[in-house]
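These notes are about the structure you will find just below.
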Amino acid sequence: MESPPFRLFVASLLAAFAVHQASAEPVAGAADLDGNSWQHGELRGDVFYQVFVRSFADGDDDGVGDFAGLTDRLDYLNDGDPATDDDLGVDGLWLMPMFESPSYHGYDVVDYLSVDREYGSNVEFSRFLRAAQDRGLRVIVDFVMNHTGSGHPWFQASTVPDSPFRNWYVWRGDDPGWTQPWGSGPTWHRSPGGDGTFFYGIFWSGMPDLNFDHPPVREEMKRLALHWLAAGVDGFRLDATRHLFAGGPGESQNSQPRTYEFLREFSAAVRDADPTAILVGENWTSTEKIAPFFGSTDRVAGGDQLPMNFNFPLADAIVRGLQDGTAFEVTEVLDAMAELYPEGILDAPFLRNHDQMRLATELGLHPGKMRAAAAVLLTLPGVPFLYYGEEV
C-alpha cells in the first residue's frame with residue numbers, strides 16, 4: 001500500500017534531520033559559554049505558546065478576552081504538576097501586544113506603561129504573571145518599538161514643528177514617493193497638523209515610525225524594557241526589528257547597519273538588567289538576511305544582538321512540504337542555516353502566526369497532515385512556538 005505523501009514527507013524530513021545532526025558541530029549552550037546564560041541554553045527543549053489575549057479567554061463575560069480569563073485557563077496550558085498529563089505542558093507564553101491601544105490588534109501603542117484597559121488593569125496583569133510563574137511558565141510580551149500609534153502623546157506633540165518631541169519621529173518637508181518594500185503602499189504621510197510636512201510610517205499613517213537616530217528615543221525604549229523586566233516579565237518578542245531605520249526607498253527601508261548597532265545596544269541594556277531575559281526577533285525575510293540579526297555569540301567581540309529569531313523560511317518550507325509531500329525545500333533551509341547561522345544561538349521555529357492563514361486551513365483540515373506538522377515542529381532543534389489554537 002502506497003504511503004500518503006505527508007508520510008513520505010515526514011520520513012524524508014527525519015532522514016534530513018539525521019544527516020544534519022550527524023554532520024553538525026556541537027551547539028554551545030549556556031554552560032559552554034563561560035556561564036553566559038544570555039545564550040539561553042536553559043531554554044533548550046522548552047515550548048512557547050503564542051497567546052492573543054483578546055481572543056483566548058473572557059473572564060468577565062464582556063465578549064473580550066482578558067487577564068482574568070487567561071489566569072483561569074493557565075491549568076490548561078501548564079498546571080505546574082509534572083505528574084499530570086491533562087495539560088498541554090508548555091513552558092512559556094508569548095503575549096501579543098497588551099499595552100494600551102485603540103485597535104483590536106494592539107500594534108499601535110498609545111501608552112507603554114499601562115496594559116490595555118479591555119484586558120484588565122496593571123494589577124490584574126501582575127496577578128496573572130505571578131500565577132503563570134508559580135506554574136513554572138516564563139512570560140514574554142510583545143514589545144512594539146519600531147513605531148507607536150498616531151494617538152500616542154509623543155506623536156501628537158511632534159506634529160508641532162517646534163515641539164521638543166519633533167525629533168522623536170521622522171519628518172521632512174516633502175513626500176519623496178517611497179513605497180513599502182513589500183508592496184505599493186506609501187511610507188510617507190501628510191502631517192495631521194496641517195503644516196504641509198510629511199512623517200515616515202512604513203506600515204501606515206496610523207503607526208508612525210520612531211526616530212532611533214534621536215538618542216532620547218533609544219534611551220526611552222531601553223527604559224521601558226527595563227521597567228517591564230522589573231515588573232516581572234521574562235523578556236520580549238521584538239516586533240518589526242528590520243524596520244527600525246530607513247536609509248532610502250525600496251529595500252533600503254530594511255536592515256540598515258544602524259539597526260544592528262541599536263540592537264546590540266538594546267540587548268546589552270537588557271542583559272545587564274537581567275542576564276536570563278529572553279529576546280526573540282521578528283524578521284520576516286530569507287535565511288541569509290535573518291542571520292545577521294543574531295550578531296556574535298562572543299560577548300568580547302561586540303555582544304549579542306538577538307539570541308533568537310523566528311524562522312519564517314523554515315515555517316513556509318514545512319507547510320509547503322506537507323502540502324506537496326516533499327522535504328526538499330526544508331533541507332535547503334537547513335543547509336542555509338548550517339552555513340549562515342552563528343554557533344550558540346537558538347532557533348525559534350514555528351508553523352504559523354497571527355499574520356498568516358491558520359495552519360489547519362492551509363493543510364485542508366487533513367488530520368494526518370496536521371499531526372505531522374505538530375510532530376515536525378516539536379522535534380525541531382531550538383525553542384518551538386505554538387500559535388494558540390493550533391493544538392486543537
Next on the checklist: Suppose each label sits 7 Å from its Cα in the direction of the beta carbon; what would the Glu261-Asp60 distance come out to in nanometres?
Outcome noted: 4.6 nm
Checklist entry - Which entry in (1) 12; (2) 20; (3) 9 matches percent of Cα pairs over 42 Å apart derived from the coordinates of this structure? => result (1)
Checklist entry - Just Gly321, Gly193, Gly382 to compare: in a GNM of the chain, with alpha carbon springs under 10 Å, which one fluctuates most? => result Gly193
Item to check | Cα-based shape type of segment 225-380, given that a ≥ b ≥ c are square roots of the gyration tensor eigenvalues and the cut on a/c is 1.5 | outcome: prolate
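Calculate for the chain the 222 nm mean residue ellipticity that helices alone would give, adding -39,500 (n - 2.57) per DSSP H run of length 4 or more and normalising by residue count, nearest 500 deg cm²/dmol.
After summing the helix terms and dividing by residue count, I get -10000 deg cm²/dmol.
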Checklist entry - Roughly to the nearest percent, how much of the accessible area of segment 76-202 is carbon and sulfur, given a 1.4 Å probe? => result 49 percent
Next on the checklist: At 1.4 Å probe size, what's the solvent-accessible area of Lys369? Round to the nearest 10 Å².
Outcome noted: 40 Å²
Checklist outcome for this item: Taking Cα atoms only, helix 5-23 is inclined relative to the longest principal axis of the chain by an angle, in degrees rounded to 10, of 80 degrees
Item to check | Environment charge of His147, counting only residues whose C-beta is closer than 9 Å and scoring Lys/Arg +1, Asp/Glu -1 | outcome: -3
Item to check | For segment 102-178: Kirkwood Rh in Å [reciprocal of mean 1/r, alpha carbons] | outcome: 15.2 Å
Next on the checklist: Pick from Val47, Val123, Val115 the residue whose mean-square fluctuation is largest in a GNM of the chain, springs joining Cα atoms under 10 Å.
Outcome noted: Val123
Item to check | Computed accessible area, Arg237, all protein chains, 1.4 angstrom probe, square angstrom | outcome: 0 Å²
Item to check | Accessible-area composition of segment 283-379, carbon plus sulfur, in percent [1.4 Å probe] | outcome: 56 percent
Item to check | Tilt relative to the chain, helix 122-134 - C-alpha long axis, 0 to 90 degrees, to 10 | outcome: 20 degrees
Checklist entry - Nearest 10 degrees, 0 to 90: what angle lies between the long axis of helix 367-379 and the longest principal axis of the chain (Cα atoms)? => result 80 degrees
Next on the checklist: Sort Asp58, Asp316, Asp86 by heavy-atom solvent-accessible area, probe 1.4 angstrom, most to least.
Outcome noted: Asp86, Asp58, Asp316
Checklist entry - Averaged per residue, what accessible area in Å² does the chain show with a 1.4 Å probe, protein chains only? => result 42 Å²
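Pull out a ≥ b ≥ c, the square roots of the eigenvalues of the alpha-carbon gyration tensor of segment 198-283, then state rounded if a/c is under 1.5, prolate if not and a/b is larger than b/c, and oblate in the remaining case.
Note, shape of segment 198-283 comes out prolate.
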Checklist entry - With every protein chain left in place, what is the accessible area of Trp178 in Å² (1.4 Å probe, nearest 10)? => result 40 Å²
Checklist entry - When the Cα centres of segment 231-289 and segment 316-378 are compared, how far apart do they sit, in Å? => result 23 Å
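The values are calculated or read from the model by the stated rules, or taken from the named source; none is laboratory data. Computed from a predicted structure; not experimentally measured. As a convention, Cβ positions derive from the backbone with ideal geometry for all residues, glycine included, and neighbour counts pool all protein chains shown. These accessible areas exclude ligands, DNA and RNA; they are computed on the full protein's heavy atoms, side chains included. Shrake-Rupley method; radii C 1.70, N 1.55, O 1.52, S 1.80 Å.
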